Amino acid sequence: MNELYRIVEGVFPNTEILLIYYGGSIAYGINSDSSDKDVTVVLDGFNGTLHLYIGTIDFFIFSKEEFIKRQTFDETVIPYYKQAADTLIVLDKYEHYIQASFEKEVDDLLSQVDEVFILNHLSSFLDYTRSRFEVNPSFKTHYHVFRIRGMVEHYEKTGKYELVVEEPWYTKMMDFKNNWDNEIAQNYVEEIKDQLDYLENYRNEMMQSGLG
């Protein structure tokens, strides 16, 4: 984390670093030696958002205001960013940096992981993933369909919306992730479509229950 801090400090010298944490496959617990590192950064004294690739590190840079908007699913934030809002859930599980003055606001955001958060996260995920599925049903990122399906099932069992994916979804997720660029991925196209339909119906039922 010290190395990440120094990189961010060097690229954005006139800002204050409020938060740095791992997203992507590290947050989801499915990273390998060949995985890129996705890193979320929140800065004070910075405006807007920025996606910056340095070496093998994908930096997702947010102003404090834009980060809070992402975590609360503000309509001005694009689905691409909002669909990754769940990575904050495992903040304490992995090495991270947080500025003391930002701790309360992060704690407040984490306390809002409730049914409304789930509804908004599913909506953002579906908006983003359906648009990509229409372009190409074999994008690598479609493994997240099985990940989210597993999270929803875990939530139904435990009442907790966590980055936990149990069987059979874990095996399906990893099989697609590892074979998205070969013929094995084709075997999953119809199931991905079916699970997107399932998640959309699940989301719609939540909305009909009065959450929308």
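Conditions (1) outside any helix (DSSP H, G or I); (2) at pLDDT below 95, marked per residue:
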| position | (1), (2) |
| --- | --- |
| Val113 | yes, yes |
| Leu119 | no, no |
| Ser123 | no, no |
| Glu153 | no, no |
| Lys160 | yes, yes |
| Gln195 | no, no |
| Tyr198 | no, no |
| Met206 | no, yes |
Taking region 90-108 only, how many residues are buried (at least 19 other Cβ atoms within 10 Å of the Cβ) and within 15 Å of the chain's Cα centre (by Cα)?
1
Would you check if there is a residue in region 134-143 being touching a residue at least 24 places away in the same chain (Cβ under 8 Å), more than 15 Å from Ala27 (Cα to Cα) and aliphatic (A, V, I, L, M)?
no
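Any idea which residue in region 1-20 is surrounded by the fewest Cβ atoms within 10 Å (Cβ to Cβ), counting only those that are touching a residue at least 12 places away in the same chain (Cβ under 8 Å) and more than 16 Å from Asp44 (Cβ to Cβ)? Give the derivation first.
Looking only at region 1-20, we keep the residues that are touching a residue at least 12 places away in the same chain (Cβ under 8 Å), and these are 1, 4-5, 7-8, 11-12, 14-20.
Then drop every residue that is not more than 16 Å from Asp44 (Cβ to Cβ), which leaves 1, 4, 7.
Values: Met1: 13, Leu4: 21, Ile7: 18.
Of everything passing the filter in region 1-20, Met1 is surrounded by the fewest Cβ atoms within 10 Å (Cβ to Cβ).
For region 179-187, indicate whether the set of residues that are of a type outside the set (D, E, K, R), surrounded by 19 or more Cβ atoms within 10 Å (Cβ to Cβ) and farther than 19 Å from Val90 by Cα is non-empty. It would help to see each step written out before you state the result.
The first filter runs over region 179-187 and keeps only residues of a type outside the set (D, E, K, R), leaving 179-180, 182, 184-187.
Among the residues that remain, those that are also surrounded by 19 or more Cβ atoms within 10 Å (Cβ to Cβ) are: 185.
From what is left, the residues that are farther than 19 Å from Val90 by Cα are 185.
Yes: region 179-187 contains one or more residues that are of a type outside the set (D, E, K, R), surrounded by 19 or more Cβ atoms within 10 Å (Cβ to Cβ) and farther than 19 Å from Val90 by Cα.
Name the residue, out of Glu167, Glu134, that is over 16 Å from the mean Cα position of the chain (by Cα) and in a helix (DSSP H, G or I).
On the way: Glu167 fails: in a helix (DSSP H, G or I).
Of Glu167, Glu134, the one residue that is over 16 Å from the mean Cα position of the chain (by Cα) and in a helix (DSSP H, G or I) is Glu134.
Taking the options Asp33, Asp44, Asp74, name whichever one is farther than 22 Å from His121 by Cβ, charged (D, E, K, R) and at pLDDT 95 or above.
Values: Asp33 fails: at pLDDT 95 or above; Asp74 fails: farther than 22 Å from His121 by Cβ.
The conditions single out Asp44.
The values are calculated or read from the model by the stated rules, or taken from the named source; none is laboratory data. Keep in mind it's a predicted model, so treat the numbers as computed, not measured. Using ideal geometry, Cβ is built from the backbone for each residue, glycine included, and neighbour counts are taken over all protein chains shown.
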